[in-house]
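Notes follow once the structure below has been shown.
The values are calculated or read from the model by the stated rules, or taken from the named source; none is laboratory data. Quick caveat: nothing in here was measured; it's all calculated off a predicted structure. Reconstructed Cβ throughout: ideal geometry from the backbone, glycine too, with neighbour counts over all protein chains shown.
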Amino acid sequence: MASGGGTKAVVTALLANIGIAVAKFIGFILSGSSSMLAESIHSVADTSNQALLLYGGKRSKKQASEVHQFGYGRVRYISGFIVAIILFSLGGLFAIYEAIHKFQHPEPIESWRWLPIVILLIAMALEGFALRTALHEAESVRGSFTLKEFITRTRAPEIPVIVLEDTGALVGLVFGLFGVGMTLVTHDGRWDAIGSAAIGILLVVIAFVLAREMISMLIGESALPEHHDAIEREIVGGVFDSVIHLRTMHVGPDEILIAAKLAVKPDATATEIAEGINAAEVRIRSALPMTARVYIEPDIRREAGDTMTGTPKR
């Protein structure tokens with residue numbers, strides 16, 4: 001769950017959204033529908049987002065340098081955060097602006113009246129396929145956790161971003177279908193504006209959820225509880241009889257930083273301590289599914305209650 005880049009889900013969503021965006025723009029140009037324009041911009045935003053996620057995944061594999069000594073793993077988090085900003089501004093706010101404009105100046109759909117309906121139905125089928133792929137990718141890494149728990153627990157941004165984007169796209173298409181359909185039935189362009197407003201509000205909400213999760217990852221999230229427990233279990237042994245302090249932080253979805261202060265036995269020699277540190281590092285790395293950078297400081301416990309492991313809550 002720490003990793004799970006979901007490249008297949010990202011590529012599938014990218015290809016689907018390119019085709020959907022072109023079709024929606026054609027539908028907007030021919031019909032003048034506000035909901036179609038909002039959906040067109042939404043698909044353009046989604047397409048750019050998926051391209052950005054792919055770039056972030058590739059960039060994160062760059063080797064560490066003197067300036068970035070812990071590597072470039074956080075680029076994936078930055079990409080996810082930028083996705084949230086694009087979805088909020090280019091997608092949500094534009095759709096709301098278009099809705100306000102069209103509500104003040106409503107226009108019925110006069111030409112190519114049923115074309116937007118056909119395009120929206122085709123888009124729903126394509127988005128459904130993309131969402132199915134994303135859910136399948138999530139299924140392979142989320143284990144026994146629910147989808148909601150997976151989104152809040154995972155330390156990799158790609159699958160949560162794609163799942164939320166595709167879900168929002170499907171719901172947005174329903175809103176667009178409602179707005180266009182009611183406009184065709186009533187000849188009142190304000191229904192089209194209402195559909196556009198609903199799409200905009202939906203995108204703003206999704207962008208807020210994504211931004212919150214990405215900000216948490218950028219700040220630096222600790223190891224998952226099961227990984228933290230594995231570290232604490234494996235780090236003690238030999239000359240180390242207990243943990244004084246243990247801190248963990250993901251420096252990328254596939255890499256974790258571990259800093260620990262361990263209590264050593266009073267009669268341990270320097271050689272035994274050094275060998276104990278090396279053995280603890282080997283045990284930790286074999287117990288974790290990601291790369292681990294381990295820094296251990298030996299110390300003598302001064303108080304009976306001087307223990308602080310910092311077990312994460314989620």
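Laid out as a table, the results:
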quantity: Conditions (1) free of Cβ contacts under 8 Å to residues at least 60 places away in the same chain; (2) surrounded by fewer than 20 Cβ atoms within 10 Å (Cβ to Cβ); (3) in contact with a helix residue (DSSP H, G or I) (Cβ under 8 Å, 6 or more places away or on another chain); (4) aliphatic (A, V, I, L, M): number failed by A125; calculated: (3)
quantity: Options D241, D192, D254; residue that is modelled with pLDDT under 90, of a type in the set (D, E) and closer than 24 Å to E98 by Cβ; calculated: D192
quantity: Tally, over region 94-114, of residues that are more than 24 Å from the chain's Cα centre (by Cα), modelled with pLDDT under 85 and surrounded by 18 or more Cβ atoms within 10 Å (Cβ to Cβ); calculated: 3
quantity: Some residue of region 235-252 being in a strand (DSSP E or B), in contact with a His (Cβ under 7 Å, 6 or more places away or on another chain), outside the structural domain of V75 (by TED's automatic domain parsing) and hydrophobic (A, V, I, L, M, F, W, C); calculated: no
quantity: Verdict on F81 being assigned by TED's automatic domain parsing to the domain that holds L121 and at pLDDT below 85; calculated: no
quantity: Candidate set: region 1-21, residues that are surrounded by 23 or more Cβ atoms within 10 Å (Cβ to Cβ) and closer than 30 Å to P225 by Cβ; chosen: the one modelled with the lowest pLDDT; calculated: G6
quantity: Some residue of region 188-204 being surrounded by fewer than 18 Cβ atoms within 10 Å (Cβ to Cβ) and within 30 Å of I258 (Cβ to Cβ); calculated: no
quantity: Lone qualifier among E98, E137 - being of a type in the set (D, E, K, R), in contact with a helix residue (DSSP H, G or I) (Cβ under 8 Å, 6 or more places away or on another chain) and more than 20 Å from D254 (Cβ to Cβ); calculated: E98
quantity: Top-ranked residue of region 128-179 - restricted to ones that are of a type in the set (F, W, Y) and at pLDDT 85 or above, ranked as surrounded by the fewest Cβ atoms within 10 Å (Cβ to Cβ); calculated: F129
quantity: Conditions (1) within 30 Å of A292 (Cβ to Cβ); (2) small (G, A, S); (3) in a helix (DSSP H, G or I); (4) in contact with a Ser or Thr (Cβ under 9 Å, 6 or more places away or on another chain); number of the one not met by G73; calculated: (3)
quantity: Selected residue (only one of I109, I100 is part of a loop (DSSP other than H, G, I, E, B) and β-branched (V, I, T)); calculated: I109
quantity: Residue count, region 13-70 (criterion: assigned to a helix (DSSP H, G or I), among the hydroxyl-bearing types (S, T, Y) and more than 20 Å from G91 (Cα to Cα)); calculated: 2
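To keep it simple, each residue is scored yes or no on (1) surrounded by fewer than 19 Cβ atoms within 10 Å (Cβ to Cβ); (2) under 30 Å from V174 (Cβ atoms); (3) of a type in the set (F, W, Y).
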| residue | (1), (2), (3) |
| --- | --- |
| V209 | yes, yes, no |
| E213 | no, yes, no |
| A223 | no, no, no |
| S242 | yes, no, no |
| K261 | yes, no, no |
